[in-house]
Amino acid sequence: MSPRLIFIPCLALWISCCAITLAEEDPYLIRAQSLMTETPLIDGHNDLPWQLRKNFNNQLNKVNLTTLNTTHTSIPKIKKGKIGAQFWSAYVPCDTQYKDAVRQTLEQIDVIHRMCWTYPDTFQFATSSAEIENAFISKKVASLIGVEGGHSIDSSLATLRIMYYMGARYLTLTHSCNTPWADNWLVDTGSEPSEHNGLSAFGKRLIVEMNRLGMLIDLAHVPVKVMNEVLEMSKAPVIFSHSSAYTICPHKRNVPDDILAKVHEKGGIVMVNFYNDYVTCSNKANLSDVADHFDHIKKVGGADIVGFGGDYDGVTRVPEGLEDVSKYPYLVAELLRRGWTDEDVKAALGENLLRVMKKVEEIRDSMASSLPDDVPIPYDEVNNPCRTSYGYPDSGAVHSLGILTLLLALASQAVMTSAV
């Protein structure tokens, strides 16, 4: 072999080693990794369960999450990314609405539970702020469930409660379709008509019931009208589990500045989405572009309303430098490089979400004497060929009763608010 043929691979190896050494010696990266051992990085939205559905029909026995390399997320990538807690998305598409959305959502909840059972050394199922903190102390990834889309509950408060009992801790009010009780974000694009001018009477009752349960209200996929309605009426703070800043990228899935200010007033959180289309409003983006959203949200609402909501495995394009979940420390390092203090970073990593959860739990406890709302949605609002009418003696009477129940619920909440 000629000396030149030996030299070329040796030079490539030397360059690679130098790059690794430089990265390891980056003081911002070292500081970022240190902070991530002190405060859990809590990510608001990951769609690995949907990838398990789409590619393996939820046959987890046929998948090895330690060797899986076709997704943004795997156990080695999670560990390298120093993720402390993850909301796993129990998502099913909008075309399941009025069909088998509930069954499919339950199957997504099931596969998240089975992930935790199958890999107990990595994942620890969690349903509360305290359980997140306990999992972090145990050096495991706290695994929570978020139901992505109101169509998953089939307009049933009983189904909402059952999913809560099974561990779901947030509900995204809509996905990319209207439900019988809420408009979705596409209404703001003009591509879909508004059916409710925001929330229907039943939709407003659902907000009250979520407050009573202690379930996080996720506004990531709703139009501005719904954002404002919920921020006005919810007693508990809200979340945007995977949305970015509208001023930086004017996409209707992102959050306008006036809403960011209201999220601050309400004590909520906006967890930044990494999807290129929401980061730069184009097919291409990089890590620095994502950091711009963090900077802007911090500028408008303060460091106490920002968080991470990568949307990994739910999107087709992610930024250069944030190719998978292993790259989180590099984004944290970029924030530090931009002048974020250790306190700012720790707030964004996990303290903000923990504060929101604790407040939601506090509101739940304050409503412990309130009875569950068991009045069904008016039948004429959900009548379709796939739905039976058992239990509905008269849709008109039920409709009137539903309005009355809403008024009573809101009046009760107003009384409790004034008493606090």
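The values are calculated or read from the model by the stated rules, or taken from the named source; none is laboratory data. Since this is a predicted model, take the numbers as computed values, not measurements. Positions of Cβ are generated from backbone atoms using ideal geometry, with glycine treated the same way; all protein chains shown enter the neighbour counts. Note: areas computed on protein heavy atoms with side chains; ligands, DNA, RNA excluded. Shrake-Rupley method; radii C 1.70, N 1.55, O 1.52, S 1.80 Å.
So, for segment 191-246, what is the accessible surface per residue at a probe of 1.4 Å, expressed in square angstrom?
Numbers: 1320 Å² over 56 residues.
On a per-residue basis, segment 191-246 sits at 24 Å².
Computed 3J(HN,Hα) for segment 72-79, one whole-Hz value per residue from the Karplus formula 6.51 cos²θ - 1.76 cosθ + 1.60 where θ = phi - 60°, is 5, 10, 8, 4, x, 5, 4, 5, glycine and proline marked x. Simple rule: put +1 on each Lys or Arg Cβ and -1 on each Asp or Glu Cβ in the chain, find the dipole, and look at Gly268, Met357, Asn58; the Cα lying farthest toward the positive end is Asn58. Beta-bridge orientation, the chain: approximately 5 percent antiparallel, per DSSP, counting only bridges with both partners inside. Partners of Lys298 within straight-line reach, counting aspartates and glutamates whose Cα lies under 15 Å from its Cα and excluding those fewer than 8 residues away in the same chain: Asp257, Asp258, Glu265, Asp289, Glu334, Asp342, Glu343, Asp344, Glu351. Every helix of 4 or more DSSP H residues in the chain counts as -39500 (n - 2.57), and over all residues that averages to -14500 deg cm²/dmol at 222 nm. Karplus-based coupling profile of segment 160-171, in residue order and whole Hz: 4, 5, 4, 5, 5, 4, 7, x, 5, 10, 9, 10, with θ = phi - 60° in 6.51 cos²θ - 1.76 cosθ + 1.60 and x standing for Gly or Pro.
Here's how it looks for Phe125: its modeled amide H is under 5 Å from those of Ser143, which are all 5 or more places away or on a different chain.
Counting only C-alpha contacts under 8 Å and six or more residues apart, can you give the relative contact order of segment 113-159 as a whole percent? Kindly include the intermediate steps, with their values, before the conclusion.
Numbers: 34 pairs, mean separation 13.9, N = 47.
Relative contact order comes out at 29 percent.
The residue among Phe87, Pro76, Tyr390 whose Cα reaches farthest toward the positive pole of the charge dipole of the chain, with charges on the beta-carbon of Lys, Arg, Asp and Glu, is Pro76.
Taking other residues whose beta carbon is less than 9 angstrom from the beta carbon of Asn283, and scoring Lys, Arg as +1 and Asp, Glu as -1, yields +1. Accessible surface area normalised per residue over segment 282-394 is 45 Å², counting heavy atoms of protein chains with a 1.4 Å rolling probe.
Give me D for the chain in µm² s⁻¹, whole number, from Stokes-Einstein with Rh from the Kirkwood sum over alpha-carbon pairs, 10 °C and 1.306 mPa s. List each step's numbers first, then the result.
Numbers: Rh = 22.2 Å.
Here the translational diffusion coefficient equals 71 µm²/s.
If only the Cβ of Lys and Arg carry +1 and only the Cβ of Asp and Glu carry -1, the dipole of the chain around its Cα centre is close to 780 debye.
Less than 12 Å Cβ to Cβ from Tyr119, Lys/Arg counted +1 and Asp/Glu -1: what total charge do the surrounding residues give?
On the way: positive: Lys79, Arg114, Lys140; negative: Asp121.
With Lys, Arg at +1 and Asp, Glu at -1, the neighbours total +2.
In the chain, the portion of solvent-accessible area held by carbon and sulfur atoms comes to 56 percent [1.4 Å probe, whole percent, DNA, RNA and ligands not counted].
Using Cβ point charges alone (K and R +1, D and E -1), the dipole size of segment 203-282 about the Cα centre works out to roughly 240 debye.
List the relative contact order of the chain as a percent without decimals, with contacts defined as Cα pairs under 8 Å and 6+ residues apart.
Working: 763 pairs, mean separation 75.3, N = 420.
Relative contact order comes out at 18 percent.
What is the distance in Å between the Cα centroid of segment 47-125 and that of segment 147-223? Comparing the Cα centres of segment 47-125 and segment 147-223, I get a distance of 22 Å. Packing order of peptides 123-131, 364-372, 147-155, highest average first: 147-155, 123-131, 364-372 (average count of other Cβ atoms within 10 Å over each peptide's residues).
Ordering Ala158, Phe123, Met210 by the projection of their Cα atoms onto the charge dipole of the chain, which places +1 on the Cβ of Lys and Arg and -1 on the Cβ of Asp and Glu, puts Phe123 at the extreme positive end.
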